[in-house]
Amino acid sequence: MAGLYFGNPARPTGRLIFEALARLRLVPARDGAPAFIPRPRPLQQKLLDFLGVDPTRPS
């Protein structure tokens with residue numbers, strides 16, 4: 001998977017996936033608005049897609 005290991009193709013190990021997702025932020029639900037993940041990077045978005053997580057409704 002490109003971008004997972006310093007811009008080089010790499011096998012997606014658990015460690016590399018967790019490292020790629022470690023910098024995600026979650027904005028908590030507030031005043032009736034749902035929680036969301038602001039601006040995931042392209043690799044993070046791809047991983048979220050594989051995991052079936054919608055960043056606009058991550059719950």
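We did not get these values from a lab; they are worked out from the coordinates using the rules stated. For clarity, every value in this text was computed on a predicted model and none was experimentally measured. With ideal geometry, Cβ positions are generated from the backbone for all residues, glycine too; neighbour counts draw on all protein chains shown.
Some notes on this structure:
- Residues with amide H under 5 Å from that of Phe36, placed H, sequence gap 5 or more: Val27
- Given (i) 1.22; (ii) 1.72; (iii) 1.18, the label whose value is Cα Rg over 2.2 N^0.38 Å derived from this model: (i)
- Within-12-Å neighbourhood charge of Leu24 [Cβ basis; K, R +1; D, E -1]: +3
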